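The values are calculated or read from the model by the stated rules, or taken from the named source; none is laboratory data. Treat the numbers as computed from the prediction; the structure is a model and nothing was measured. Don't worry about glycine lacking a Cβ; one is built from the backbone with ideal geometry, like all the others, and counts go over all protein chains shown. Only protein heavy atoms, including side chains, enter the accessible area calculation; ligands, DNA and RNA are left aside. Shrake-Rupley method; radii C 1.70, N 1.55, O 1.52, S 1.80 Å.
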Amino acid sequence: MKPSAIITFVVASLFIFGGVEALADGKSSKSSKSSKSSKSSKSSKSSKSSKSSKSSKSSKTSSKDNDDDDVVDPPVYTVPQVLNDVISNGAGTMDLLEFVNAETLQTYISESSSVFLGADIVEATDGIETNTSAGVAIKDAVLEIVTSDGAFSFSDILTNTSANLASSTGTAAYNTLFGTATRSEILTQETSDFSDLDDVLQFENVSFTGDLISASVNLNFVDTTGTGVNEQFFNFSGDYEQFAVITESQANAIDQKSYTAPEGVSFSASSPPGSPEPWWALVLLVPAIQLYKSRAVKK
């Protein structure tokens with residue numbers, strides 16, 4: 001073989017083997033780079049997963065915080081409040097704590113040793129009772145209170161009027177309530193003025209110990225007998241009577257109302273039987289005594 005041919009063969013061999021090695025190195029480099037890229041991609045995905053986990057944890061914490069924010073303390077209802085329980089067919093029991101908190105009601109009672117109930121009188125108007133004048137008579141009214149110290153009962157009541165009525169037990173004087181025989185606007189939520197109620201039933205001398213647990217009023221009206229005008233007027237009929245726990249000032253405002261009874265109805269505008277006469281009755285009694293003495297002297 002000629003020297004030039006040998007040289008050509010060697011050069012060609014180096015070129016061929018060098019190219020293959022270069023190709024191998026390039027492939028190895030690409031494989032390495034691809035591996036790194038894949039690893040980097042996984043690492044990035046893992047990083048995202050970790051971030052997602054933190055986000056989820058943060059979301060749960062935020063949700064828990066929102067739940068804590070949604071917790072609302074129970075409302076503290078104050079007096080006055082309309083009672084949902086009614087006196088139907090002449091009898092019923094009214095829960096005083098249905099819309100008033102125990103602590104609130106206990107404070108309210110302790111301020112005056114009284115419970116003031118504003119009455120809405122709704123009676124049938126097919127007899128001598130009219131839309132502008134109606135009445136009912138109270139047979140008995142009992143305030144039942146239960147505290148952490150025991151049970152207490154109160155039946156000393158006051159109303160603005162009383163009347164002599166015949167019933168199954170005979171004729172006696174009863175506390176009475178006057179009204180307009182139409183539903184009060186306070187009950188139909190057309191006004192927030194509790195002085196729109198008809199009359200007031202007051203429990204006095206209410207005193208007890210311990211923390212208030214329950215409070216209710218058992219109320220019964222007189223089932224009148226006979227055909228007398230009083231018996232026709234003060235009987236219970238037609239619809240139901242509803243009450244509201246009111247403040248003393250609201251009770252005083254309602255007490256200023258006056259109603260005209262139908263002809264023939266007799267009642268006393270003084271304090272009910274068995275209760276002390278109000279101060280204004282004593283004031284009116286003084287000039288009456290003086291007038292009597294003056295006439296006696298002239299005779």
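Selection of first residues in region 92-114 that are among the charged types (D, E, K, R) and of second residues that are surrounded by fewer than 15 Cβ atoms within 10 Å (Cβ to Cβ), restricted to Cβ pairs under 7 Å at least 6 apart or on distinct chains, gives the following pairs, ordered by first then second residue: E98/N84. Looking only at residues in region 133-166 that are in a strand (DSSP E or B), among the polar types (S, T, N, Q) and open to solvent by less than 20 Å² (accessible area, probe 1.4 Å), the one that is farthest from N230 (Cα to Cα) is T147. Would you mention how many residues in region 211-231 are outside any strand (DSSP E or B) and closer than 15 Å to T171 by Cβ? So the count comes out to 9. Evaluating S192 against the criteria (1) in contact with a helix residue (DSSP H, G or I) (Cβ under 8 Å, 6 or more places away or on another chain); (2) in a loop (DSSP other than H, G, I, E, B) leaves one unmet condition, (1). Once region 179-217 is narrowed to residues that are in contact (Cβ under 8 Å) with a residue 60 or more places away in the chain and at positive phi, the residue that is most open to solvent (accessible area, probe 1.4 Å) is N205. One residue is enough: does region 107-125 have a residue meeting the conditions more than 24 Å from the chain's Cα centre (by Cα) and open to solvent by 40 Å² or more (accessible area, probe 1.4 Å)? The answer is yes, given that some residue of region 107-125 is more than 24 Å from the chain's Cα centre (by Cα) and open to solvent by 40 Å² or more (accessible area, probe 1.4 Å). Residues in region 218-235 that are under 18 Å from S266 (Cβ atoms), in contact (Cβ under 8 Å) with a residue 60 or more places away in the chain and open to solvent by 10 Å² or more (accessible area, probe 1.4 Å): 8 in all.
One line per residue, one yes/no per condition, for (1) in a helix (DSSP H, G or I); (2) at pLDDT 95 or above; (3) among the aliphatic types (A, V, I, L, M):
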{"residue": "V79", "(1), (2), (3)": "no, no, yes"}
{"residue": "N84", "(1), (2), (3)": "no, no, no"}
{"residue": "E111", "(1), (2), (3)": "yes, yes, no"}
{"residue": "L117", "(1), (2), (3)": "no, yes, yes"}
